[in-house]
Amino acid sequence: MGRPIGIYEKATPKHLSWLERLNFAKELGFDFVELSIDETDERLARLDWSKEERLNLVEAIFETGIRIPTITFSGHRRFPMGSNDPEIEREAMEMMRKCITFAQDVGVRNIQLAGYDVYYEEKSDVTRQRFIKNLRQSCTWAEEAQVILSIETMDDPFINSIEKYLAIEKEINSPFLFVYPDTGNISAWHNDIWSEFYNGQRSIAAIHLKDTYAVTENDKGQFRDVPFGEGCVNWEDVFATLKKINYNGPFLIEMWSENCHSIDETRKAIRNAQDFLYPLIEKAGLK
């Protein structure tokens, strides 16, 4: 046993089968892949996979030894739980129920939720209250299924810090609700790294490693496709803090290279990320 380090599905070539994708991750030395169920029709369709399709995924996991312990469930960006449209709200909750069942079937332990009340609609106290109501119901289903839910710190002011998550955690009061911090998103909003991780240490399920460009008065920032080491994340500070709080959970390298021109180009992009992050992780005594 050791600290698991995984790679995001969207960092791997999109055309690969799951058996090929897990073997690709294995070749690069990863312990797991984080599966994506995003707002596209293509990936939302996974919620309705047949038993045979789900079994094929499980067989690929057993054949390769590369796990899929987490799902990035960002479909709620398009169908938010706080929506003012009753039909969208209903669809959001049906998707949530299906995702928990999917996780049960394929052995996923952790469903990462996007920390949005709404994304494409106007925010209000009502959208927040509706999100809280529906998150509480989601946690009830998760408790019954023994699958944890974890809220990502986002590119959106609604939950852009662990501090904001902790307020929601107290309101929901579920032992199956956690936070999934994103190093880039936390840094982009100028949160204090020590305070964030120290105060939230008991609630962290996993951590996304990502770089970003900071939000400023004149710039909305950039929350994806920022090369590691070129953004605003103070990596030595982040890893030193995680060492001080004795964080022993997984790291997930979050990057988007699934549409590279060739598999070799994708492999090179991932290797570059590993070459940047791994020495820093080792220097901090976290590997």
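Read-outs: derived from the displayed coordinates by stated rules, not from any lab. Remember, it's a predicted structure, so these values are computed and weren't measured experimentally. Methodologically, a virtual Cβ is constructed for each residue, glycine included, from the backbone with ideal geometry; neighbour enumeration extends over all protein chains shown.
Within the range 219-268, the chymotrypsin sites (Phe, Trp or Tyr not before Pro) that combine a DSSP coil assignment with at most 14 other C-beta atoms in a 10 angstrom radius are Trp256. Along the Cα-to-C-beta direction of Leu286, a point sits 7 Å from the Cα; which residues of the range 241-260 have their amide N less than 13 Å from that point? Residues 241-254 fall inside that zone.
Highest mobility in the GNM of the chain, judged by mean-square fluctuation with C-alpha springs under 10 Å and restricted to Val233, Val108, Val126, is found for Val126. One Cα centroid belongs to the range 227-281, the other to the range 83-145; the line between them spans 29 Å.
When the inverse distances between all different Cα atoms of the range 79-227 are averaged and flipped, the Kirkwood radius reads 15.8 angstrom.
Fully extending the segment from Glu265 to Asp48 would add 74.9 nm, taking 0.36 nm per residue of separation and subtracting the current Cα-Cα distance. Assuming charge only on the beta carbon of Lys and Arg (+1) and of Asp and Glu (-1), the dipole of the range 1-93 about its Cα centre is about 340 debye to the nearest 20. As a length-normalised measure over Cα pairs under 8 Å and 6 or more apart, the relative contact order of the range 189-287 settles at 30 percent. Here the residues Ser203, Ser17, ranked from fewest to most Cβ neighbours within 10 Å of their Cβ, fall in the order Ser17, Ser203. With the helix formula -39500 (n - 2.57) applied to DSSP H stretches of n ≥ 4, the chain reaches a computed 222 nm mean residue ellipticity of -14000 deg cm²/dmol. Each of Pro175, Ser150, Trp194 was placed along the dipole of the range 133-194 (beta-carbon charges, centred on the mean Cα), and the one lying farthest toward the positive end is Pro175. Answer with a single label: of (1) 26, 25, 18; (2) 53, 35, 16; (3) 29, 22, 19, which was calculated as semi-axes √(5λ) of the Cα gyration tensor in Å from the structure in view? Identified label for the calculated read-out: (1).
For Thr153, the amide hydrogen comes within under 5 Å of the amide hydrogens of Tyr180, Asp182, counting only partners 5 or more places away or on other chains and with H modelled in the peptide plane. Each of Pro69, Ala273, Asn134 was placed along the dipole of the chain (beta-carbon charges, centred on the mean Cα), and the one lying farthest toward the positive end is Pro69. Taking other residues whose beta carbon is less than 14 angstrom from the beta carbon of Lys220, and scoring Lys, Arg as +1 and Asp, Glu as -1, yields -3. For the range 32-89, take the convex hull of the Cα atoms, compute a quarter of its surface area, and give me that in nm², please. About 4.6 nm², averaged over all directions. Among His261, His190, the order by Cβ neighbours within 10 angstrom, fewest to most, reads His261, His190.
Note on the range 171-285: Lys pairs 8 or more places apart or on different chains, Cα atoms under 22 Å apart, count 7. Find the percent of Cα-Cα distances in the range 164-212 that exceed 14 Å, and round it to a whole number. Value for the range 164-212: 52 percent of Cα pairs lie more than 14 Å apart.
Placing +1 on each Lys and Arg Cβ and -1 on each Asp and Glu Cβ, with no other charges, gives the chain a dipole about its Cα centre of roughly 800 debye. Straight-line cross-link reach from Lys51 at under 17 Å between alpha-carbon atoms covers these aspartates and glutamates, not counting any fewer than eight positions away in the same chain: Glu59, Asp105. Counting other Cβ atoms within 10 Å as a rough exposure proxy, the listed residues Arg224, Arg46 run Arg224, Arg46 from fewest neighbours to most. Placing dummy labels 7 Å off each Cα toward the beta-carbon, the span from Asn234 to Arg77 is 2.9 nm.
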